[in-house]
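Right, one structure below, let's go through it.
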Amino acid sequence: MLSIDDVKKVVNTSQFIKNYAQGRNFPLNFYCYKVFVENLANGEYNFNYKINVLIKYEKKEIKESAVFRVNYGSQMNLSEQLEYEYNALLYLKETSITPKPIFLDRSKNLIDKDFLVMEYLEGKSMNYRTDLQLAAECLAHIHKYSKASEFDFIEPENPFEAILDECSSMYQKYIDSDLFNPLVNQKICCVFDKVEEILKEKKKLSENTLRIKKTLINTEVNSSNFIVNDDKCFLIDWEKPIIGEKEQDLGHFLAPTTTFWKTDTVFDKNEIDIFLYDYFLLYNEDLDKNINHREDIEFISFKRKVYDYITFNCLRGLTWCSMAWVEYNKNEKTLINEFTYKKLKDYLNLDFIDNIIDNFVNN
């Protein structure tokens, strides 16, 4: 496991500073440097550090902060996880609302792992109650962004089917374990039945034959992955981007399995509908804002698809938690997060699952 002292040694080398300066288009004729390291919030599969960089030249000095990121696994089963993230950040850098990549080191010369260095964005985590409008603007801007890409991002042929397959794979670990709880299983199977019903409806409508506008989506849009600075909102974590539908991101953003993770927030349907209409107007900026578009066929279809994705994302959240519950209790995780362990108990609580069933399954 990489320690903060290991990172300090890496970043305070001339090779690191040269790579950093090149990535930032700084001159290479520096004569002195010093990098200070702080811990940042870690994910389930990565460690992040804030590095405060000081580079001195003959007539000036540069002071700025960046993020040093190391991965310990891939949720997407990728052999080159950090390269995939780096390419996503390169693709998105012109949006100005995602971290700009500085450099990716795969040489293993400084440490025996790949690492990614990216821009550090100042601000606070998004508040679901006060910053929703900023989040809607951020998501609409990213979802509208489109340019020719030289990178091969993953693009599921059928996104609903891909989520269901992922859920089935994750849940199997729980089924096969001695931690299996029949009461939990009974309720999660209700959610499985609902998403399978939705999937059958999609296939009957031959939805895959329709022309669907796709873009690079984040797939993990929770409050802690948004950074708010005054009147601007950034989306910072691009660990699992795919080419997909905007509704998938929105379904993940609004699902109770997402909002309840870092907060105690669970949106009711009225709050969800208000957010979706605000987003719809931002995304379709040419619409007359003085006209009510809530009964437009386009908005109704858009809203229904988001709700379908909310249900699928509820299943995704529950099955991930069931898998993680096994990994935590069997000491299979490289990174152990006490907050996550406590939250897993809440998500596998029968009352929490019943709330999902009442609002997004039996409706």
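The values are calculated or read from the model by the stated rules, or taken from the named source; none is laboratory data. On a predicted model such as this, the values are computed, not experimentally measured, just so you know. Backbone-built Cβ (ideal geometry, glycine too); neighbour counts: all protein chains shown. Just the protein is used for accessible areas: all its heavy atoms, side chains included, with ligands, DNA and RNA removed. Shrake-Rupley method; radii C 1.70, N 1.55, O 1.52, S 1.80 Å.
Could you please give the count of residues in the stretch 241-264 that are surrounded by fewer than 19 Cβ atoms within 10 Å (Cβ to Cβ) and part of a loop (DSSP other than H, G, I, E, B)?
Total satisfying the criteria: 2.
Among the numbered criteria (1) open to solvent by 30 Å² or more (accessible area, probe 1.4 Å); (2) assigned to a helix (DSSP H, G or I), which one does Asp178 miss?
If we test Asp178 against (1) open to solvent by 30 Å² or more (accessible area, probe 1.4 Å); (2) assigned to a helix (DSSP H, G or I), just (2) comes out false.
For the stretch 205-222, indicate whether the set of residues that are outside any strand (DSSP E or B), more than 24 Å from Glu161 (Cβ to Cβ) and either hydroxyl-bearing (Ser, Thr, Tyr) or touching a Ser or Thr at 6+ places or on another chain (Cβ under 8 Å) (or both) is non-empty. So that I can check it myself, show each step before the final result.
Here is the first cut: in the stretch 205-222, the residues outside any strand (DSSP E or B) are 205-214, 218-222.
Remaining after also requiring more than 24 Å from Glu161 (Cβ to Cβ): none.
Scanning the stretch 205-222, I find no residue that is outside any strand (DSSP E or B), more than 24 Å from Glu161 (Cβ to Cβ) and either hydroxyl-bearing (Ser, Thr, Tyr) or touching a Ser or Thr at 6+ places or on another chain (Cβ under 8 Å) (or both), so the answer is no.
Of the residues in the stretch 86-116, how many are in contact (Cβ under 8 Å) with a residue 24 or more places away in the chain, assigned to a helix (DSSP H, G or I) and surrounded by fewer than 22 Cβ atoms within 10 Å (Cβ to Cβ)? Can you show your working first?
First pass over the stretch 86-116, keeping only residues in contact (Cβ under 8 Å) with a residue 24 or more places away in the chain: 86-92, 94-95, 97-99, 101-103, 105-106, 109-111, 113-116.
Narrowing the set further to residues that are assigned to a helix (DSSP H, G or I) leaves 86-92, 94-95.
Then keep just the ones that are surrounded by fewer than 22 Cβ atoms within 10 Å (Cβ to Cβ); that gives 87, 89-91, 94-95.
So the answer is 6.
Looking at Asn12, Asn52, Asn42, Asn29 in this structure, which one is modelled with pLDDT under 95, among the polar types (S, T, N, Q) and either over 26 Å from the mean Cα position of the chain (by Cα) or closer than 30 Å to Glu220 by Cβ (or both)? Steps first, please.
Working: Asn12 fails: modelled with pLDDT under 95; Asn52 fails: modelled with pLDDT under 95; Asn29 fails: modelled with pLDDT under 95.
The match here is Asn42.
I want to confirm something. Restricting to the stretch 117-133 and keeping residues that are aliphatic (A, V, I, L, M) and within 17 Å of the chain's Cα centre (by Cα), which single residue is surrounded by the fewest Cβ atoms within 10 Å (Cβ to Cβ)?
Taking the stretch 117-133 first, the residues aliphatic (A, V, I, L, M) are 117-118, 121, 126, 132.
Still in the list and also within 17 Å of the chain's Cα centre (by Cα): 118, 121, 126, 132.
Numbers: Met118: 24, Leu121: 18, Met126: 25, Leu132: 20.
The qualifying residue surrounded by the fewest Cβ atoms within 10 Å (Cβ to Cβ) is Leu121.
Does any residue of the stretch 192-202 turn out to be buried (at least 16 other Cβ atoms within 10 Å of the Cβ), farther than 16 Å from Asp131 by Cβ, under 13 Å from the mean Cα position of the chain (by Cα) and modelled with pLDDT under 95?
Within the stretch 192-202 (the criterion being buried (at least 16 other Cβ atoms within 10 Å of the Cβ), farther than 16 Å from Asp131 by Cβ, under 13 Å from the mean Cα position of the chain (by Cα) and modelled with pLDDT under 95), the answer is no, since none of the residues qualifies.
Let's see how each residue does on (1) of a type in the set (Val, Ile, Thr); (2) under 24 Å from the mean Cα position of the chain (by Cα); (3) closer than 19 Å to Tyr174 by Cα:
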| residue | (1), (2), (3) |
| --- | --- |
| Glu298 | no, no, no |
| Thr319 | yes, yes, yes |
| Trp325 | no, yes, yes |
| Lys343 | no, yes, yes |
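Among (1) touching a strand residue (DSSP E or B) at 6+ places or on another chain (Cβ under 9 Å); (2) open to solvent by less than 60 Å² (accessible area, probe 1.4 Å); (3) part of a loop (DSSP other than H, G, I, E, B); (4) not acidic (Asp, Glu), which single condition is Ile154 missing?
So the condition that Ile154 fails would be (2).
Which numbered condition trips up Phe234, out of (1) part of a strand (DSSP E or B); (2) more than 13 Å from the chain's Cα centre (by Cα)?
(2) is the only condition that Phe234 fails.
Listed here are the residues, each with its yes/no results for (1) under 23 Å from the mean Cα position of the chain (by Cα); (2) more than 20 Å from Ser168 (Cα to Cα); (3) modelled with pLDDT under 95; (4) of a type outside the set (Asp, Glu).
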position: Tyr307; (1), (2), (3), (4): yes, yes, no, yes
position: Asn337; (1), (2), (3), (4): yes, yes, yes, yes
position: Asp351; (1), (2), (3), (4): no, yes, no, no
position: Ile357; (1), (2), (3), (4): no, no, no, yes
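Pull out all pairs, ordered by first then second residue, where Cβ-Cβ is under 7 Å, the residues are six or more apart or on different chains, the first lies in the stretch 1-27 and is closer than 19 Å to Ile62 by Cβ and outside any helix (DSSP H, G or I), and the second is open to solvent by less than 50 Å² (accessible area, probe 1.4 Å) and not aliphatic (A, V, I, L, M).
Pro27/Tyr57
Provide a single number: the residues in the stretch 331-352 that are surrounded by 14 or more Cβ atoms within 10 Å (Cβ to Cβ) and on the phi > 0 side of the Ramachandran plot. Step through it out loud before you land on a result.
If we filter the stretch 331-352 for residues that are surrounded by 14 or more Cβ atoms within 10 Å (Cβ to Cβ), which is where we start, we get 333, 335, 337, 340-341, 343-344, 347-348, 352.
Next, from what is left, pick out any that are on the phi > 0 side of the Ramachandran plot: none.
Here the count works out to 0.
Just one of Asn363, Asn313, Asn290, Asn359 is open to solvent by 40 Å² or more (accessible area, probe 1.4 Å), in contact (Cβ under 8 Å) with a residue 12 or more places away in the chain and either part of a helix (DSSP H, G or I) or at negative phi (or both); which is it?
After applying the criteria, what remains is Asn359.
Find the residue count for the stretch 134-151, including only residues that are within 26 Å of Arg304 (Cβ to Cβ) and surrounded by fewer than 15 Cβ atoms within 10 Å (Cβ to Cβ). So that I can check it myself, show each step before the final result.
As a first pass, look at the stretch 134-151 and keep what is within 26 Å of Arg304 (Cβ to Cβ): 134-146.
When the remaining residues are screened for being surrounded by fewer than 15 Cβ atoms within 10 Å (Cβ to Cβ), the result is 146.
Residues meeting the conditions: 1.
Here are some conditions: (1) in a helix (DSSP H, G or I); (2) touching a residue at least 60 places away in the same chain (Cβ under 8 Å); (3) open to solvent by 20 Å² or more (accessible area, probe 1.4 Å). Lys303 meets all but one. Which one does it not meet?
Status for Lys303: all satisfied but (2).
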